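Read the structure below first, then the notes.
The values are calculated or read from the model by the stated rules, or taken from the named source; none is laboratory data. Predicted model only: the values in this text are computed from it and were never measured. Cβ sites come from the backbone with ideal geometry, for glycine too, and all protein chains shown count toward neighbours. Side chains are part of the model used for accessible areas, which takes the heavy atoms of the whole protein and leaves out ligands, DNA and RNA. Shrake-Rupley method; radii C 1.70, N 1.55, O 1.52, S 1.80 Å.
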Amino acid sequence: MRITAVLLAFAAVSGCSPGARRAPESPLEQGRLYTSWLYGSQYQKLWDRFSPDMRQTFGSVADLASFASGALTRLGSEEGTVDEQVSDAEPLRVYRRRASFDTAKREMLIEWSLAKDGEVTGLVVRPVPADSL
C-alpha cells in the first residue's frame, strides 16, 4: 500500500515538473505545432487533434495524407519571412500563417480554426487574396 502511494505521488509530481511535455496552450503555439506536423507529414498526430467534423471531411488519415502531401509537393518548401496572426471568431480562434514557398507563384495562407481546447475544426490552404498583397 505504501509503495502504491509513493508511486502515485511520484507520478503526480513528475507530471507537474517543468520537464514534462504539455500541450501548447496558446493558439499561436498550437498553430505553429500543427503546421510543423503538416510540413513534417505527421498526419496521425493531426488526425488525433481533428474534430469529428474534420475527420468526416477527410475520411481517414490516409486521405488526409494524400491531400496534404499533394498540396505540399505543389507548394515546395516554406521560405522567407512568415507572418502569423491569431484572431477570435467566437467560439473559435483562428491561426493564420502567411508564407512564401519555393515553387508557388503567390504567397500562401494557412489557416487553422481551433476550439478552445486546441481541437482542429478547420484547415484551409489557399493563395493570399490579391487585394491583401
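So for Phe67, Phe101, Phe58, what's the accessible-area order with a 1.4 Å probe, most first?
Values: Phe67 100, Phe101 10, Phe58 35 Å².
Ranking Phe67, Phe101, Phe58 by accessible area, largest first, yields Phe67, Phe58, Phe101.
Put +1 on the Cβ of every Lys and Arg and -1 on every Asp and Glu Cβ in region 35-133; which of Gly118, Ser69, Pro129 then has its Cα farthest towards the positive end of the dipole?
Among Gly118, Ser69, Pro129, the one farthest towards the positive end of the dipole of region 35-133 is Ser69.
Which part of region 40-84 falls in the paramagnetic zone of Ala115, meaning amide N under 19 Å from the point 7 Å along Cα-to-beta-carbon?
44-61
For the pair Leu28 and Thr73, how long in nm is the line joining their label points, each one 7 Å along Cα→Cβ?
With each label point 7 Å from Cα toward Cβ, the separation is 3.6 nm.
Just the number please: accessible area per residue for region 61-123, 1.4 Å probe, all protein chains included, in Å².
Using a 1.4 Å probe on heavy atoms only, each residue of region 61-123 averages 53 Å².
Note the full-extension length gain between Glu90 and Ala62 as 0.36 nm times their separation in residues minus their Cα-Cα distance, in nm to one decimal.
Fully extending the segment from Glu90 to Ala62 adds 7.0 nm.
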